[in-house]
Each structure stands twice: as structure tokens, then as C-alpha cells.
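One structure below.
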Amino acid sequence: MHYVYILYSEDFDKFYIGESENVAVRLEQHQKRFFSGASTAYTDDWQVVKQISVANRTEARTIERYIKSMKSKIFVRKLIDDELFYQQFCSTIFQKFNINVQ
């Protein structure tokens, strides 16, 4: 199992999209600024607001790139807040990439 995760910083009103086998460990790394040059190093108030489960890292990276390619905070907010939009997203992911979101 692998995950695409979306983090949110309330202090900066920013989202971060990443992928990992263990979201809890990765969140702790982001909060402790483990990745010193990373785009998450400027704050430590990150919280997980969405997790998307897939079978492997290749699938997770594909979905991560797809979400990032939208370049839209509105798109990300809808993924998090709108269940119908999320279901449509899962359908699109299957149609475009043949990936089942679990």
C-alpha cells in the first residue's frame, strides 16, 4: 500500500502534495524540518487533510503529478471537501491511468 497525501498549513494557507508508504512518519519529518531544503521547511504546523490509497509507489507518483499539474488551490480544496468531486476524480484517474484508488 502507498499513499498520496495532502498537507495543509493554516499559518500560511498552503497545501503540499506528496507520496509515502507511511504518512504519519512523513508528516513528522515535515513538521521537524527533516527535509531542510524542502518546500515544507518554512513552517511546522502541517496537518494531513487527505490521504489517497493506491497499490504502489508508481501509482502514487502518477496521481501526485496529476494533482500538482492542476496548479489549483481550488482543485485541491474540492478534493478534500467535496465527496462527489473526489469520486469523479477517482473515476478520471481510472480512465486516464488505469489506477484504482482504494
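Bear in mind these aren't lab numbers, they're just calculated from the coordinates by the rules spelled out. Values in this document were obtained by computation on a predicted structure and should not be read as measured data. Positions of Cβ are backbone-derived with ideal geometry, glycine not excepted, and every protein chain shown enters the neighbour counts.
So what's the projected area for the chain, the Cα convex hull averaged over all directions, in nm²?
For the Cα atoms of the chain, the hull's average projected area reads 6.1 nm².
Computed on the chain, with alpha-carbon pairs under 8 angstrom and 6+ residues apart, the relative contact order is 29 percent.
Grab the other residues whose beta carbon is less than 11 angstrom from that of residue 1, score K and R as +1, D and E as -1, and report the net.
That works out to -1.
Under the combined filter of DSSP loop state and at most 10 neighbouring Cβ atoms within 10 Å, the chain retains these GluC sites (Glu not before Pro): 10.
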